[in-house]
Every structure is written in structure tokens, then in C-alpha cells.
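Undergrad: Dumping the structure here so I can ask a few things about it.
FYI, it's all coordinate maths here, none of it is from the lab. All of these numbers come straight from a predicted model, not from anything done at the bench. Ideal geometry is used to build each Cβ from the backbone, glycine not excepted, and the neighbour counts take in all protein chains shown.
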Amino acid sequence: MFFFEKKEPKNFWPLLCAAGTAGDNQVSTAREQDRKLAARLLRRADILIDRGRHAAALEACREGIAADPGLVELYRRAGAVALLMGQASAACDALEIALSLGPADAAVLCNLGTALRELGRPEEARAKLEACLRMDSRVVSAWFNLGLVFADMAMWAEAVRCHARALAGAPRHDRAAGALSMALLAAGRAEEAAEVARQAITWAPAPAALHICLSAALLMQGRLAEGWREDQWRWMIPEVAATRRHMEIPVWTGEALAGRRLLLVAEQGFGDTLQMCRYASRIQGAGSIVFEVPGPLVRLFASLEGPPGVALEIVRRGDAVPAVDVQCPTMSLPYACGTAVPADVPSRVLYLHPLPEDVAAWRQRLGGVEGLRVGLCWTSGLRTDLVNRLVQVRKSIPFAALAPLGEVPGCSFVSLQTGEAAADVRGGKPGLTVHDFSMAIADFADTAALIACLDVVVTVDTAVAHLAGALGAEVWLLNRFDADWRWAPAQEANPWYPTLRQFRQPTPGDWPSAVNDLRLALQSRTSCNR
């Protein structure tokens, strides 16, 4: 649905000029009055914009357009205001009409490129932003947004160049500094990423997001103590703070517990919770521990152990939580437990266990699956916001790209995929036959039991990778070029999961090379079994 009715200029003026001669004077007078009204409404919109009253300014633009549909400035202003209000589709409509009514304008091109990017149309956004910069290379916001477009497209060198240009034009552009830091990190330049973030923190008015950039860069370098400390700034970011639970309970940050009752609170994704729950057994001095987790983890976490002699109670999120003295979000556990370097990571696998009765049921289901049983998971969980949605796309591999694995003799593939993507294996895709039991997977306990019946797990960076690692299973990770800090370094044993092996894209988006490397490794694995 268009915010404005899309018409070419030729459609406006014939209507306005089509009066008969007898009423020419009256028509001309009415038209002049409409133009004056539109001009007044444009001035009113500008005043309202200056006062930050964007909704009222947008309404003034609408009224002005109704009075004089040919006044290009009204569309320019409406597009800019709609963009400020997060109405990217409306902004796009208004700005495209502005371009059709008058000569190209650098500000319109910049705003239109920004709107197109927010609508998930990066190639079109790139074209508009580059056109803006050809008109005026000094438009900082165009450099910044073009850098975001390149990041969306995993073109990290180009993203670095654009964000550096934005920062050169506006040396205190904190968002450009953060974006530059993250682009450098994705490009494999972690030390430079940390330095950019560290410098920007000294002058940024709201430095929380920059502290998170610094945290990621430090963790990537294995400087865990500093990285965890910086990561505590996440609670100063409004979007993250809004998700915080049990704020009325004091936070435990590593001080002596002295018999107090501790609440562990699952936060962020399933994979994060599966990774960090290992710390439950390392907490010293607690009288007892309560662990609040999402419903799909409850049955599996019944196998999680606390410290020797300390009771560990699992509570489903949404159920009543027993009285506790202090609480700790799961992603703060490495900080509270003093994990300073990779060697400090509790790397004991088998800290989670499938339920024996579940394993027996899955062994029966897989009774006819012969050869080397290889579990497959190819898609990460869906995200709603643009940036995380694009990360999810980069993490995931199209199911068809796994077809070369079907060339390896002696393998039987079993789907570990859940959600909508589980249907990818249905319909007889050529090259790779996969046994699909996804309809029988109700929670992570089911997935754990299924993994216990397999020989190898092949997965992208998602919760299945963490689960397989926690179970001590042999897990082969198909990973994107701009991999997360927890998988660094790619060439060495992973400190979090000793049974994990990586097959990483050599360049952004190059899944064929990663899949081919994995295919050769799988072929070698089956040869050893003959």
C-alpha cells in the first residue's frame, strides 16, 4: 500500500488546467489560493520539524499535498519526516515522487537510499546513495548509510572505507565510529576495531553501544576479562534494558555468595544459554541455585548439575520464581566467574545429557537408517530487526547448497532442522536425501536424544551447534566469514567445545568452498569406517 498516490507530473497539471474558458478566472484564483495554502503548510511543517513534532509535521505535509500536489518540496519534507518516524515505506513513496517532480537532489537521494536499505532492498539503496555522493561527496549521512548497505551485503572492505569517510567528515559521529569498529571486526581486523571503539568512547555522549563494539573486538582477540567487563554495558542500551528480567533483585557480579540463594536468568538466544549454562557447576558458595529458562529448555536442563552438594532447581520462564537473594543473567556468568583467558573456559563437555527414555525412542525411529548417520541443520533462528535478520541470513546456508554432501557414499543424513525451514527437505530435492523426523521434535531434549543417535552433526552457527558441543558430540560447524567471537580462532581447537571442527567461508558468502572442504572431510571419515 502506498502512502501517497503515485502519479507522474503530467497527471497533475492537465487536471489543474482543464477548466473551460467561462470559469478561467475562478479556476486561476482557486489554484492560487491552493498554492498559497500549500506554501503555508510547508512552512508550518518546517517549524514542527525543528520542534521535533514529526507526526504533526507529516500531517501538515499531507494537507499541503492535498492542496497542491505539484509542490515538490512537500514530498521531500514528507519523505524525510517519515524516515525519521521509522516509516520507511511511506518515506520511499514520497521521495520517489519528489524525484519524479523535480531535478535530482542530493538530500532526496540520500534519504531515499536510506529508506530502501531499511526496506531490505540493498542494491537499489546502493545506487541511490552512490548517486547522491556523485552529486556531493561531502554528504556524511550518505557515506554512513552506504557503509551500512555494504555491511548488509557482507562487503566488509567497502563498508570500512565508507564508514571511515563518514568519520572523517564528522569526527564525532558516534554511530559511524561504532559501525566502523564492527566492519573492521567482520573484516578480520580486531585490533583496529578495538582501537576505533576505544577512542570513540572518550568523546561519545552515549557510549554504551561503543562499549559493546569494544567488547566484541576484545573477545575476538581472546582478551576475555576485558571483553566481559565491557559487555556489562549492554544493559545501558535501551533495547537491551527493555528485555531485562527481575530488575528488583540485586545482581551478583562475582563477590562471595556466602550461602545466599542465586537466580540464574536465561537471556538472549537459546544458543547463548546452552553455552553459558556450563558455569552453573562452577559457582562457589551459593546456598542453592534457581535457573529460569524458556520452556523448550526445561526438560533438557533437568540434567544440568550445580556445584557439589548445592541444589539446582529449574524453573520455566513465566512460572513463579522462588525467593532468592541475588541474580545473574547467563551472559554475565563468565564475568562473574572470572574467565580471563581462553584457558579459563570450563571446557568439560557432557555438561548436558539426553534423557535415556528419549534416546531409546529415537533409536527405534532411526532403526532403518544405515551407514554413517550425519545430522544436518542449515538455518539459524529468525530475527525481526534488519541487522540481526541479515546476520541470520549470513549464518544460514541454502539447503540446496548442501547437495554435494550427497556424493559421499556410506552416509545417511538426518534433519535436525526445526521451524519453517524443516520443510526444505520435503519434495525430493535432487542430490541429497535427508531423513526427516522434525515433526517428532518438541523441544531441546528431543533434539539432544536424536543427536545421541548420530555419528556426526553438521550445522550452521545456531543453537544446535551449542547443544551438540554441550553433549560432547562430534560437531562440524559450517561458519560464515564474519564469524562470531566464540568461534575464534578458526584454525585452532575451540576453547568452548573441544569436539567442534570448523569449516569457514574463505571469503564472504563462499559457501561452496566451505561445503566442499566439509565434503572431503566427510569422505575421509567414511573411508576410515570401511
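Undergrad: Once the Cα gyration tensor of the range 261-344 is found, what semi-axes does its equivalent ellipsoid get, as square roots of 5 times the eigenvalues, in whole Å, sorted largest first? List each step's numbers first, then the result.
TA: Numbers: eigenvalues 70, 48, 27 Å².
They are 19, 15, 12 Å, listed largest first.
Undergrad: With +1 on each Lys and Arg Cβ and -1 on each Asp and Glu Cβ, and nothing else charged, work out how big the dipole of the range 261-344 is about its Cα centre, in Debye to the nearest 20. Each step should come with its number before you reach the end.
TA: Values: 6 positive and 8 negative charges, 24 e Å.
Here the size comes out at about 120 debye.
Undergrad: Here's something else I'd like to know. Place a +1 charge on the Cβ of each Lys and Arg in the range 356-529 and a -1 charge on the Cβ of each Asp and Glu, then give the dipole magnitude about the Cα centre in debye, rounded to the nearest 20. Each step should come with its number before you reach the end.
TA: Numbers: 15 positive and 18 negative charges, 52 e Å.
For the range 356-529, the charge dipole is close to 260 debye.
Undergrad: Sticking with this one: Output the relative contact order of the chain, whole-number percent, from Cα pairs under 8 angstrom with separation of 6+ residues. Numbers along the way, then the final one.
TA: Numbers: 899 pairs, mean separation 49.8, N = 530.
Dividing the mean separation by the residue count of the chain yields 9 percent.
Undergrad: Given +1 on the Cβ of Lys and Arg, -1 on the Cβ of Asp and Glu, and no further charges, what dipole in debye does the chain carry about its Cα centre, rounded to the nearest 20?
TA: Values: 55 positive and 57 negative charges, 95 e Å.
Once rounded to the nearest 20, the dipole reads 460 debye.
Undergrad: Next question, about the same structure. How many nm is it between the label spots at residue 443 and residue 202, if each spot is 7 Å from the Cα in line with the beta carbon?
TA: 5.2
Undergrad: Now, a different point. Which FRET efficiency value, to the nearest 0.05, do you get for residue 138 and residue 316 by plugging their Cβ-Cβ distance into 1/(1 + (r/R0)^6) with R0 = 60 Å?
TA: 0.60
Undergrad: Still on this structure, I have one more. For the residue pair residue 89 and residue 260, what label-to-label distance in nm results when each label sits 7 Å from Cα along the Cα-to-beta-carbon direction?
TA: Inter-label distance under the simple model: 4.9 nm.
Undergrad: Which of 483, 103, 323 sits closest to the plus end of the dipole of the chain, meaning its Cα is farthest towards the positive end, when Lys and Arg get +1 and Asp and Glu get -1 on the C-beta?
TA: The residue sitting most towards the positive pole is 103.
Undergrad: Right, next: What is the sum of charges, Lys and Arg at +1 and Asp and Glu at -1, for the other residues whose Cβ falls under 12 Å from the Cβ of residue 282? Please list the in-between numbers first.
TA: Details: positive: 278, 348; negative: 305, 344.
In short, 0.
Undergrad: Moving to a separate point now. Measuring from label point to label point, each 7 Å out along Cα→Cβ, what is the residue 55 to residue 491 span in nm?
TA: 5.7
Undergrad: Which value, in nm² and rounded to one decimal, describes the direction-averaged projected area of the C-alpha convex hull of the range 280-414? Before the final figure, lay out each step's value.
TA: Values: hull surface 50.7 nm².
Orientation-averaged projected area of the Cα hull: 12.7 nm².
Undergrad: Ordered by packing density, taken as the mean number of other Cβ atoms within 10 Å over each peptide's residues, highest first, how do 411-417, 519-525, 298-304 rank?
TA: Working: 411-417: 22.9, 519-525: 16.0, 298-304: 19.7.
Packing proxy ranking, top to bottom: 411-417, 298-304, 519-525.
Undergrad: May I ask you to derive the FRET efficiency for residue 243 and residue 523 from their Cβ-Cβ distance with R0 = 56 Å, giving the value to the nearest 0.05? Mind dumping the intermediate values first?
TA: Values: r = 44 Å, r/R0 = 0.79.
Computed FRET efficiency for residue 243 and residue 523 comes out at 0.80.
Undergrad: Using Stokes-Einstein with the Kirkwood hydrodynamic radius over Cα pairs, what translational diffusion coefficient do you get for the range 356-529 at 37 °C and a viscosity of 0.692 mPa s, in µm²/s rounded to a whole number? Before the final figure, lay out each step's value.
TA: Details: Rh = 16.3 Å.
In µm²/s, the coefficient is 201.
Undergrad: Right, next: How much of the pair distance distribution for the range 67-170 lies past 24 Å, counting alpha-carbon pairs only, in percent? It would help to have the intermediate numbers written out before the result.
TA: Working: 1021 of 5356 pairs.
Summing the P(r) of the range 67-170 above 24 Å gives 19 percent of all pairs.
Undergrad: Please state the Cα pair-distance histogram of the range 203-362 with 10 angstrom bins from zero: what percent is in each bin?
TA: The calculated distribution, bin by bin, is 10, 38, 36, 14, 3, 0.
Undergrad: For the range 115-202, what is the per residue volume of the convex hull drawn over the alpha-carbon atoms, in cubic angstrom?
TA: Taking the convex hull of the Cα positions in the range 115-202, it is 74 Å³ per residue.
Undergrad: Based only on the alpha carbon positions, what is the Kirkwood hydrodynamic radius of the range 9-236, in angstrom? Please report the intermediate quantities before stating the final value.
TA: On the way: mean 1/r = 0.0506 Å⁻¹.
Final number for the Kirkwood radius of the range 9-236 is 19.8 Å.
Undergrad: Oh, and also: Contour minus end-to-end for residue 347 and residue 127, with contour as 0.36 nm per residue of separation and end-to-end as the Cα-Cα distance?
TA: On the way: separation 220, 0.36 × 220 = 79.20 nm, distance 4.79 nm.
Roughly 74.4 nm would be gained on extension.
Undergrad: Just the number, please: Stokes-Einstein D of the chain in µm²/s, Kirkwood Rh from C-alpha pairs, 20 °C, 1.002 mPa s.
TA: Details: Rh = 26.5 Å.
Translational diffusion coefficient: 81 µm²/s.
Undergrad: Which order do the peptides 363-372, 58-67, 208-217, 480-489 come out in when sorted by mean C-beta neighbours inside 10 angstrom, highest first?
TA: Values: 363-372: 12.6, 58-67: 21.2, 208-217: 24.0, 480-489: 18.7.
So the peptides 363-372, 58-67, 208-217, 480-489, ranked by packing, come out 208-217, 58-67, 480-489, 363-372.
Undergrad: Here's another thing I want to ask about it. Averaging sequence separations of C-alpha pairs under 8 Å and six or more residues apart, then dividing by the length of the range 392-530, give the relative contact order as a whole percent. Mind showing how you got there, number by number?
TA: Working: 173 pairs, mean separation 32.2, N = 139.
In percent, rounded to a whole number, it is 23.
Undergrad: Of 115, 28, 91, which is farthest on the positive side of the dipole of the chain, counting Cα position, with +1 on Lys and Arg Cβ, -1 on Asp and Glu Cβ, and the Cα centre as origin?
TA: With unit charges placed on the Cβ atoms, the residue in question is 28.
Undergrad: If each DSSP helix of 4+ residues adds -39,500 (n - 2.57) and the sum is divided by the residues in the chain, what number results at 222 nm, nearest 500 deg cm²/dmol?
TA: Working: 22 runs with 251 residues, N = 530.
That comes out to -14500 deg cm²/dmol.
Undergrad: In sequence order, what are the phi-derived ³J(HN,Hα) couplings for the range 201-209 according to the Karplus relation 6.51 cos²θ - 1.76 cosθ + 1.60 with θ = phi - 60°, rounded to whole Hz, with x for glycine and proline?
TA: 4, 5, 10, 5, x, 10, x, 4, 4
Undergrad: Name the residues whose placed amide hydrogens come within less than 5 Å of the amide hydrogen of residue 457, ignoring near sequence neighbours (fewer than 5 apart) on the same chain.
TA: For residue 457, the qualifying residues are 375, 474, 475, 476.
Undergrad: What are the radius of gyration and Dmax of the range 90-137, computed over its Cα atoms and given in Å?
TA: Every Cα atom of the range 90-137 included, Rg and Dmax give 9.7, 27 Å.
Undergrad: Any idea what Rg and Dmax come out to for the range 246-300 if you just take the C-alpha atoms, in Å?
TA: Calculated on Cα positions, Rg and Dmax stand at 11.8, 32 Å.
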